[in-house]
Amino acid sequence: MRRVLTITTLALVTSGCIHAQATPAADTYLQRAERLLRSTPLIDGHNDLPWAIRESKTAPKDVEAYDLRTTTPGHTDLARLRSGMLGGQFWSVYIPGDTSIARQGYAKVQLEQIDIARRVFAKYPERFEPVTTAAGFRAAFAAGKIGSAMGMEGGHAIENSLGALRAFYDLGARYMTLTHNQTLDWADAAAGPARHGGLTPFGKEVVREMNRLGMLVDLSHTSPAVMSNALDVTEAPVIYSHSNARALADHVRNVPDSILARLPRNGGVVMVTFVPGFISQELIDWNRVPAAQRPTNRTAPRATLSQVADHIDHIRKVAGVDHVGIGGDFDGIDDVILGLEDVSTYPRLFAELMRRGWSDADLRKLAGENVLRAFTEAERVSARLRASRPPSTGTIEQLDGPTRNTSNPQQD
(Lines give C-alpha, C1' and ligand atoms only; values in the text may rest on other atoms or scores of the structure.)
Protein backbone atom coordinates (compact mmCIF):
# COMPACT_ATOMS: atom_id res chain seq x y z
CA MET A 1 0.00 0.00 0.00
CA ARG A 2 1.41 3.42 -1.01
CA ARG A 3 1.99 5.81 1.90
CA VAL A 4 0.81 9.37 1.44
CA LEU A 5 2.53 12.09 3.45
CA THR A 6 0.04 14.37 5.14
CA ILE A 7 0.41 18.14 5.10
CA THR A 8 1.28 18.02 8.81
CA THR A 9 3.99 15.45 8.23
CA LEU A 10 5.45 17.44 5.35
CA ALA A 11 5.62 20.47 7.61
CA LEU A 12 7.35 18.43 10.29
CA VAL A 13 9.89 17.11 7.80
CA THR A 14 10.58 20.62 6.52
CA SER A 15 11.03 21.97 10.04
CA GLY A 16 13.52 19.32 11.03
CA CYS A 17 11.11 17.77 13.54
CA ILE A 18 11.51 14.25 12.23
CA HIS A 19 14.45 12.57 10.62
CA ALA A 20 13.33 10.07 7.97
CA GLN A 21 10.45 9.01 10.22
CA ALA A 22 7.65 7.12 8.52
CA THR A 23 4.28 8.81 8.43
CA PRO A 24 2.64 6.46 10.97
CA ALA A 25 5.37 7.13 13.55
CA ALA A 26 5.16 10.88 12.98
CA ASP A 27 1.40 10.75 13.29
CA THR A 28 1.73 8.79 16.53
CA TYR A 29 3.78 11.59 18.09
CA LEU A 30 1.39 14.24 16.83
CA GLN A 31 -1.68 12.31 17.99
CA ARG A 32 -0.10 11.82 21.39
CA ALA A 33 0.66 15.55 21.58
CA GLU A 34 -2.93 16.39 20.70
CA ARG A 35 -4.24 13.97 23.35
CA LEU A 36 -2.02 15.62 25.96
CA LEU A 37 -3.15 19.14 25.02
CA ARG A 38 -6.78 18.09 25.28
CA SER A 39 -6.24 17.20 28.93
CA THR A 40 -3.82 19.86 30.16
CA PRO A 41 -3.89 23.59 29.41
CA LEU A 42 -1.27 24.96 27.03
CA ILE A 43 -0.70 28.49 28.34
CA ASP A 44 1.33 30.81 26.14
CA GLY A 45 3.08 33.70 27.85
CA HIS A 46 3.07 36.28 25.08
CA ASN A 47 0.91 37.12 22.07
CA ASP A 48 0.83 40.65 20.62
CA LEU A 49 -2.61 40.49 18.96
CA PRO A 50 -3.79 43.78 20.59
CA TRP A 51 -0.88 45.64 18.99
CA ALA A 52 -1.49 43.93 15.63
CA ILE A 53 -5.06 45.24 15.78
CA ARG A 54 -3.87 48.73 16.68
CA GLU A 55 -1.41 48.70 13.77
CA SER A 56 -3.74 47.09 11.21
CA LYS A 57 -3.10 48.54 7.76
CA THR A 58 -6.78 48.48 6.80
CA ALA A 59 -8.62 49.41 10.02
CA PRO A 60 -6.26 50.47 12.82
CA LYS A 61 -7.61 49.99 16.36
CA ASP A 62 -10.87 48.56 14.98
CA VAL A 63 -11.64 45.35 16.89
CA GLU A 64 -14.81 44.78 14.85
CA ALA A 65 -13.00 45.00 11.52
CA TYR A 66 -10.13 42.72 12.62
CA ASP A 67 -12.39 39.68 12.56
CA LEU A 68 -10.90 36.63 14.26
CA ARG A 69 -13.69 34.48 12.82
CA THR A 70 -11.96 34.86 9.44
CA THR A 71 -8.36 34.22 8.42
CA THR A 72 -6.50 37.28 9.65
CA PRO A 73 -3.37 38.76 8.04
CA GLY A 74 -1.40 37.97 11.20
CA HIS A 75 -0.65 34.81 13.15
CA THR A 76 -3.81 34.56 15.24
CA ASP A 77 -7.46 33.80 14.57
CA LEU A 78 -10.08 31.50 16.06
CA ALA A 79 -9.64 28.62 13.62
CA ARG A 80 -5.88 28.54 14.03
CA LEU A 81 -6.17 28.85 17.81
CA ARG A 82 -8.42 25.79 17.75
CA SER A 83 -5.95 23.83 15.63
CA GLY A 84 -3.11 24.88 17.93
CA MET A 85 -5.06 23.64 20.96
CA LEU A 86 -4.25 26.73 23.01
CA GLY A 87 -5.71 26.49 26.49
CA GLY A 88 -4.75 29.88 27.93
CA GLN A 89 -3.01 33.07 26.87
CA PHE A 90 -1.32 36.03 28.47
CA TRP A 91 -2.17 38.62 25.82
CA SER A 92 0.51 41.29 25.68
CA VAL A 93 -0.87 44.81 25.92
CA TYR A 94 2.44 46.05 24.56
CA ILE A 95 3.27 49.70 23.97
CA PRO A 96 6.64 50.85 22.52
CA GLY A 97 8.96 52.91 24.68
CA ASP A 98 9.95 55.29 21.91
CA THR A 99 9.58 59.03 21.67
CA SER A 100 6.48 58.99 19.46
CA ILE A 101 4.54 57.08 22.13
CA ALA A 102 6.01 59.28 24.88
CA ARG A 103 4.49 62.32 23.17
CA GLN A 104 1.05 60.72 23.33
CA GLY A 105 1.58 59.69 26.95
CA TYR A 106 2.65 56.19 27.90
CA ALA A 107 -0.15 55.65 30.40
CA LYS A 108 -2.75 56.88 27.89
CA VAL A 109 -1.58 54.50 25.17
CA GLN A 110 -1.39 51.67 27.71
CA LEU A 111 -5.02 52.27 28.62
CA GLU A 112 -5.95 52.16 24.94
CA GLN A 113 -4.23 48.79 24.54
CA ILE A 114 -5.98 47.38 27.58
CA ASP A 115 -9.24 48.62 26.04
CA ILE A 116 -8.49 46.82 22.77
CA ALA A 117 -7.73 43.57 24.60
CA ARG A 118 -10.89 43.76 26.68
CA ARG A 119 -13.00 44.45 23.59
CA VAL A 120 -11.48 41.39 21.92
CA PHE A 121 -12.44 39.24 24.91
CA ALA A 122 -15.97 40.65 24.85
CA LYS A 123 -16.42 40.10 21.11
CA TYR A 124 -15.69 36.37 21.26
CA PRO A 125 -17.19 35.15 24.56
CA GLU A 126 -17.60 31.66 23.13
CA ARG A 127 -13.78 31.33 22.91
CA PHE A 128 -12.16 33.85 25.29
CA GLU A 129 -12.75 33.91 29.03
CA PRO A 130 -11.16 36.89 30.82
CA VAL A 131 -9.17 35.62 33.81
CA THR A 132 -7.07 37.22 36.52
CA THR A 133 -6.07 34.17 38.60
CA ALA A 134 -4.44 30.79 38.14
CA ALA A 135 -7.72 29.15 39.13
CA GLY A 136 -9.42 31.21 36.44
CA PHE A 137 -7.16 29.71 33.79
CA ARG A 138 -8.06 26.21 34.95
CA ALA A 139 -11.77 26.94 35.05
CA ALA A 140 -11.74 28.44 31.55
CA PHE A 141 -9.90 25.40 30.19
CA ALA A 142 -12.40 23.06 31.84
CA ALA A 143 -15.18 25.03 30.13
CA GLY A 144 -13.52 24.66 26.72
CA LYS A 145 -12.43 28.30 26.50
CA ILE A 146 -9.10 30.10 26.27
CA GLY A 147 -8.39 31.73 29.61
CA SER A 148 -7.28 35.25 28.71
CA ALA A 149 -5.16 37.44 30.97
CA MET A 150 -3.28 40.62 30.10
CA GLY A 151 0.44 41.28 30.46
CA MET A 152 2.04 44.71 30.21
CA GLU A 153 5.28 44.86 28.23
CA GLY A 154 7.46 47.65 29.53
CA GLY A 155 7.57 49.52 32.83
CA HIS A 156 7.62 52.86 31.02
CA ALA A 157 3.81 52.55 31.02
CA ILE A 158 3.58 53.34 34.75
CA GLU A 159 5.46 56.64 34.26
CA ASN A 160 7.42 56.17 37.50
CA SER A 161 4.22 55.85 39.55
CA LEU A 162 3.33 52.99 41.88
CA GLY A 163 -0.22 54.32 41.91
CA ALA A 164 -0.37 53.82 38.15
CA LEU A 165 1.02 50.29 38.61
CA ARG A 166 -1.82 49.50 41.03
CA ALA A 167 -4.41 50.99 38.68
CA PHE A 168 -3.21 48.79 35.80
CA TYR A 169 -3.38 45.75 38.08
CA ASP A 170 -6.97 46.64 38.96
CA LEU A 171 -7.75 46.78 35.21
CA GLY A 172 -6.55 43.20 34.83
CA ALA A 173 -2.81 43.31 34.07
CA ARG A 174 -1.22 40.25 35.68
CA TYR A 175 2.39 40.64 34.67
CA MET A 176 4.62 43.54 33.79
CA THR A 177 7.86 43.24 31.82
CA LEU A 178 10.09 45.61 33.78
CA THR A 179 11.56 47.14 30.62
CA HIS A 180 11.11 46.92 26.90
CA ASN A 181 14.09 47.85 24.70
CA GLN A 182 14.74 51.23 26.33
CA THR A 183 16.48 51.79 29.65
CA LEU A 184 14.14 53.44 32.13
CA ASP A 185 14.75 55.90 34.94
CA TRP A 186 14.85 52.88 37.27
CA ALA A 187 15.89 49.80 35.27
CA ASP A 188 18.39 48.89 32.56
CA ALA A 189 17.12 47.21 29.39
CA ALA A 190 19.04 44.42 27.68
CA ALA A 191 19.07 46.47 24.47
CA GLY A 192 19.62 49.83 26.17
CA PRO A 193 22.51 51.53 27.94
CA ALA A 194 23.47 50.23 31.40
CA ARG A 195 22.86 53.48 33.23
CA HIS A 196 22.06 52.05 36.66
CA GLY A 197 23.93 48.77 36.94
CA GLY A 198 20.57 47.01 37.27
CA LEU A 199 17.62 48.23 39.32
CA THR A 200 17.66 51.51 41.23
CA PRO A 201 16.13 51.65 44.73
CA PHE A 202 12.84 52.73 43.13
CA GLY A 203 13.08 49.81 40.69
CA LYS A 204 13.42 47.44 43.62
CA GLU A 205 10.35 49.04 45.19
CA VAL A 206 8.45 48.38 41.94
CA VAL A 207 9.31 44.68 42.30
CA ARG A 208 8.22 44.67 45.94
CA GLU A 209 4.92 46.34 45.10
CA MET A 210 4.31 43.88 42.27
CA ASN A 211 4.85 41.08 44.80
CA ARG A 212 2.31 42.68 47.14
CA LEU A 213 -0.23 43.00 44.34
CA GLY A 214 0.27 39.48 42.99
CA MET A 215 1.51 40.76 39.62
CA LEU A 216 4.13 38.51 38.04
CA VAL A 217 7.54 40.13 37.55
CA ASP A 218 8.52 39.54 33.90
CA LEU A 219 12.26 39.74 33.23
CA SER A 220 12.23 39.40 29.44
CA HIS A 221 13.95 42.40 27.82
CA THR A 222 15.89 43.28 30.99
CA SER A 223 19.65 43.32 31.45
CA PRO A 224 21.33 40.46 33.35
CA ALA A 225 22.00 42.89 36.20
CA VAL A 226 18.28 43.67 36.46
CA MET A 227 17.51 39.95 36.34
CA SER A 228 19.94 39.37 39.21
CA ASN A 229 18.67 42.33 41.27
CA ALA A 230 15.06 41.27 40.78
CA LEU A 231 15.86 37.72 41.92
CA ASP A 232 17.55 39.19 45.00
CA VAL A 233 14.49 41.29 45.89
CA THR A 234 11.45 39.30 44.84
CA GLU A 235 9.55 37.10 47.26
CA ALA A 236 7.52 35.48 44.47
CA PRO A 237 8.50 33.51 41.35
CA VAL A 238 9.48 35.55 38.30
CA ILE A 239 8.69 34.74 34.70
CA TYR A 240 10.31 35.42 31.36
CA SER A 241 7.25 35.76 29.14
CA HIS A 242 9.27 35.34 25.92
CA SER A 243 13.00 34.58 26.13
CA ASN A 244 15.50 31.87 25.23
CA ALA A 245 18.86 30.43 26.30
CA ARG A 246 21.87 32.67 25.72
CA ALA A 247 24.23 29.70 25.75
CA LEU A 248 22.67 28.54 22.47
CA ALA A 249 22.04 31.93 20.85
CA ASP A 250 24.20 34.83 21.95
CA HIS A 251 21.62 37.59 21.85
CA VAL A 252 21.17 40.17 24.62
CA ARG A 253 17.49 39.22 24.87
CA ASN A 254 18.31 35.71 26.03
CA VAL A 255 18.92 34.39 29.54
CA PRO A 256 22.46 33.53 30.68
CA ASP A 257 23.10 30.17 32.32
CA SER A 258 24.14 31.94 35.54
CA ILE A 259 20.58 33.27 35.83
CA LEU A 260 18.96 30.01 34.74
CA ALA A 261 20.80 28.29 37.58
CA ARG A 262 19.07 30.60 40.09
CA LEU A 263 15.53 29.77 38.96
CA PRO A 264 15.03 26.60 41.01
CA ARG A 265 15.45 28.55 44.26
CA ASN A 266 13.09 31.27 43.03
CA GLY A 267 10.53 29.01 41.36
CA GLY A 268 10.51 31.07 38.17
CA VAL A 269 9.79 30.05 34.59
CA VAL A 270 11.46 30.91 31.26
CA MET A 271 8.81 30.78 28.53
CA VAL A 272 10.67 29.95 25.34
CA THR A 273 9.82 32.23 22.44
CA PHE A 274 9.62 31.71 18.67
CA VAL A 275 11.57 34.80 17.58
CA PRO A 276 14.00 33.59 14.87
CA GLY A 277 16.71 36.08 15.83
CA PHE A 278 16.70 34.81 19.43
CA ILE A 279 16.79 31.13 18.40
CA SER A 280 19.41 30.67 15.70
CA GLN A 281 23.07 31.56 16.26
CA GLU A 282 23.56 31.32 12.50
CA LEU A 283 20.91 34.00 11.98
CA ILE A 284 22.40 36.16 14.74
CA ASP A 285 25.80 35.95 13.05
CA TRP A 286 24.21 36.78 9.67
CA ASN A 287 22.47 39.84 11.11
CA ARG A 288 25.73 41.12 12.58
CA VAL A 289 27.26 41.40 9.11
CA PRO A 290 26.40 44.68 7.31
CA ALA A 291 23.96 44.05 4.46
CA ALA A 292 26.45 45.27 1.86
CA GLN A 293 28.98 42.64 2.99
CA ARG A 294 26.69 39.61 2.94
CA PRO A 295 27.12 37.00 0.19
CA THR A 296 24.90 37.82 -2.76
CA ASN A 297 24.34 34.14 -3.56
CA ARG A 298 22.93 33.27 -0.15
CA THR A 299 19.75 34.06 1.76
CA ALA A 300 19.47 34.52 5.49
CA PRO A 301 19.48 31.28 7.51
CA ARG A 302 16.08 30.07 8.73
CA ALA A 303 15.50 29.21 12.37
CA THR A 304 13.76 25.86 12.81
CA LEU A 305 11.39 24.14 15.16
CA SER A 306 14.18 21.73 16.07
CA GLN A 307 16.28 24.67 17.31
CA VAL A 308 13.37 25.86 19.47
CA ALA A 309 13.29 22.38 21.01
CA ASP A 310 17.06 22.70 21.62
CA HIS A 311 16.45 25.82 23.72
CA ILE A 312 13.74 24.06 25.71
CA ASP A 313 16.07 21.11 26.30
CA HIS A 314 18.89 23.42 27.41
CA ILE A 315 16.73 25.31 29.92
CA ARG A 316 15.49 21.99 31.30
CA LYS A 317 19.11 20.84 31.66
CA VAL A 318 20.33 23.98 33.48
CA ALA A 319 17.26 25.17 35.42
CA GLY A 320 15.20 21.99 35.57
CA VAL A 321 11.98 20.80 33.98
CA ASP A 322 9.91 22.80 36.49
CA HIS A 323 11.23 26.08 35.12
CA VAL A 324 10.45 26.13 31.39
CA GLY A 325 7.33 27.14 29.46
CA ILE A 326 6.13 28.51 26.12
CA GLY A 327 5.84 32.19 25.06
CA GLY A 328 5.52 32.31 21.30
CA ASP A 329 5.41 36.10 20.63
CA PHE A 330 3.03 35.54 17.72
CA ASP A 331 1.80 38.77 16.12
CA GLY A 332 4.84 40.47 17.62
CA ILE A 333 7.25 39.14 14.99
CA ASP A 334 7.69 39.69 11.26
CA ASP A 335 9.71 36.54 10.49
CA VAL A 336 8.67 33.13 11.73
CA ILE A 337 10.27 29.84 12.70
CA LEU A 338 10.21 27.14 10.03
CA GLY A 339 7.57 24.77 11.36
CA LEU A 340 6.10 27.26 13.87
CA GLU A 341 4.51 29.75 11.54
CA ASP A 342 1.39 30.67 13.53
CA VAL A 343 -0.75 29.68 16.53
CA SER A 344 -1.94 26.50 14.83
CA THR A 345 1.48 24.86 15.14
CA TYR A 346 2.02 24.26 18.88
CA PRO A 347 1.28 20.49 18.71
CA ARG A 348 4.21 20.06 16.29
CA LEU A 349 6.62 21.30 18.96
CA PHE A 350 5.21 18.91 21.54
CA ALA A 351 5.45 16.07 19.03
CA GLU A 352 9.13 16.88 18.48
CA LEU A 353 9.83 16.84 22.21
CA MET A 354 8.03 13.51 22.49
CA ARG A 355 10.28 12.20 19.73
CA ARG A 356 13.23 13.32 21.88
CA GLY A 357 11.97 11.28 24.82
CA TRP A 358 10.04 13.79 26.91
CA SER A 359 7.46 12.17 29.16
CA ASP A 360 3.83 13.26 29.23
CA ALA A 361 4.30 14.40 32.85
CA ASP A 362 7.17 16.70 31.90
CA LEU A 363 5.32 18.01 28.86
CA ARG A 364 2.35 18.95 31.05
CA LYS A 365 4.72 21.07 33.11
CA LEU A 366 6.07 22.75 29.98
CA ALA A 367 2.60 23.33 28.55
CA GLY A 368 1.11 25.17 31.48
CA GLU A 369 1.61 23.58 34.87
CA ASN A 370 4.87 25.42 35.50
CA VAL A 371 3.51 28.90 34.86
CA LEU A 372 0.31 28.11 36.78
CA ARG A 373 2.41 26.99 39.75
CA ALA A 374 4.41 30.23 39.59
CA PHE A 375 1.22 32.29 39.31
CA THR A 376 -0.39 30.43 42.23
CA GLU A 377 2.67 31.04 44.38
CA ALA A 378 2.66 34.75 43.45
CA GLU A 379 -0.96 34.90 44.60
CA ARG A 380 -0.04 33.19 47.89
CA VAL A 381 2.81 35.66 48.47
CA SER A 382 0.45 38.53 47.67
CA ALA A 383 -2.09 37.38 50.26
CA ARG A 384 0.64 37.31 52.92
CA LEU A 385 2.09 40.68 51.97
CA ARG A 386 -1.27 42.42 51.71
CA ALA A 387 -2.01 41.30 55.25
CA SER A 388 1.29 42.67 56.55
CA ARG A 389 1.85 45.96 54.74
CA PRO A 390 -0.13 48.72 52.98
CA PRO A 391 0.35 49.93 49.40
CA SER A 392 3.74 51.56 48.94
CA THR A 393 3.81 55.36 48.85
CA GLY A 394 7.42 55.44 47.65
CA THR A 395 8.31 57.77 44.82
CA ILE A 396 11.29 57.87 42.51
CA GLU A 397 12.25 61.30 43.88
CA GLN A 398 12.32 59.96 47.44
CA LEU A 399 14.17 56.74 46.65
CA ASP A 400 16.48 57.70 43.78
CA GLY A 401 16.77 61.47 44.05
CA PRO A 402 15.08 64.25 42.04
CA THR A 403 17.30 63.97 38.96
CA ARG A 404 16.07 60.47 38.16
CA ASN A 405 12.44 61.36 37.39
CA THR A 406 12.27 62.21 33.70
CA SER A 407 9.37 59.84 32.82
CA ASN A 408 11.10 59.25 29.49
CA PRO A 409 13.06 56.08 28.72
CA GLN A 410 16.60 56.56 27.51
CA GLN A 411 16.63 56.20 23.74
CA ASP A 412 19.37 54.18 22.08
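The values are calculated or read from the model by the stated rules, or taken from the named source; none is laboratory data. Predicted model, so just to flag it, every value in this text is computed and none were measured. Virtual Cβ from ideal backbone geometry, glycine too; neighbours counted across all protein chains shown.
Evaluation of Arg298 against the conditions (1) touching a strand residue (DSSP E or B) at 6+ places or on another chain (Cβ under 7 Å); (2) basic (Lys, Arg); (3) modelled with pLDDT under 95 shows that the sole unmet condition is (1).
Each residue in the range 116-134 was checked for being more than 20 Å from the chain's Cα centre (by Cα) and without any contact (Cβ under 8 Å) to a residue 40 or more places away in the chain, and 3 of them qualify.
Residue by residue, here is whether (1) in contact with a Phe, Trp or Tyr (Cβ under 9 Å, 6 or more places away or on another chain); (2) surrounded by fewer than 22 Cβ atoms within 10 Å (Cβ to Cβ); (3) not β-branched (Val, Ile, Thr) holds:
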{"residue": "Trp91", "(1), (2), (3)": "yes, no, yes"}
{"residue": "Asp98", "(1), (2), (3)": "no, yes, yes"}
{"residue": "Ala117", "(1), (2), (3)": "yes, no, yes"}
{"residue": "Phe121", "(1), (2), (3)": "yes, yes, yes"}
{"residue": "His180", "(1), (2), (3)": "yes, no, yes"}
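Of the residues contained in the range 158-171, none is found to be closer than 18 Å to Gly327 by Cβ and either buried (at least 22 other Cβ atoms within 10 Å of the Cβ) or touching a residue at least 60 places away in the same chain (Cβ under 8 Å) (or both). Can you find, within the range 221-235, the residue that is nearest to Phe278 (Cα to Cα) among those that are surrounded by 24 or more Cβ atoms within 10 Å (Cβ to Cβ) and out of contact with any Gly (no Cβ under 8 Å at 6 or more places or on another chain)? Ranking the qualifying residues of the range 221-235, first place goes to Thr222.
Quick one: which helices (runs of 4 or more DSSP H) lie wholly within the range 299-367 and hold at least 1 residues that are under 17 Å from the mean Cα position of the chain (by Cα)? Spell out the reasoning first.
Details: elements: 305-319, 346-355, 360-364.
Because the criterion is at least 1 residues that are under 17 Å from the mean Cα position of the chain (by Cα), the helices (runs of 4 or more DSSP H) in the range 299-367 that meet it are 305-319, 346-355.
When we screen Ala249, Ala191 for residues that are buried (at least 22 other Cβ atoms within 10 Å of the Cβ), within 19 Å of the chain's Cα centre (by Cα) and on the phi < 0 side of the Ramachandran plot, the only hit is Ala249. Taken over the range 48-68, residues that are in contact (Cβ under 8 Å) with a residue 40 or more places away in the chain and assigned to a loop (DSSP other than H, G, I, E, B) amount to 5. For Asn211, the conditions (1) within 17 Å of Pro391 (Cα to Cα); (2) out of contact with any Asp or Glu (no Cβ under 7 Å at 6 or more places or on another chain); (3) surrounded by fewer than 24 Cβ atoms within 10 Å (Cβ to Cβ) are fulfilled apart from (2).
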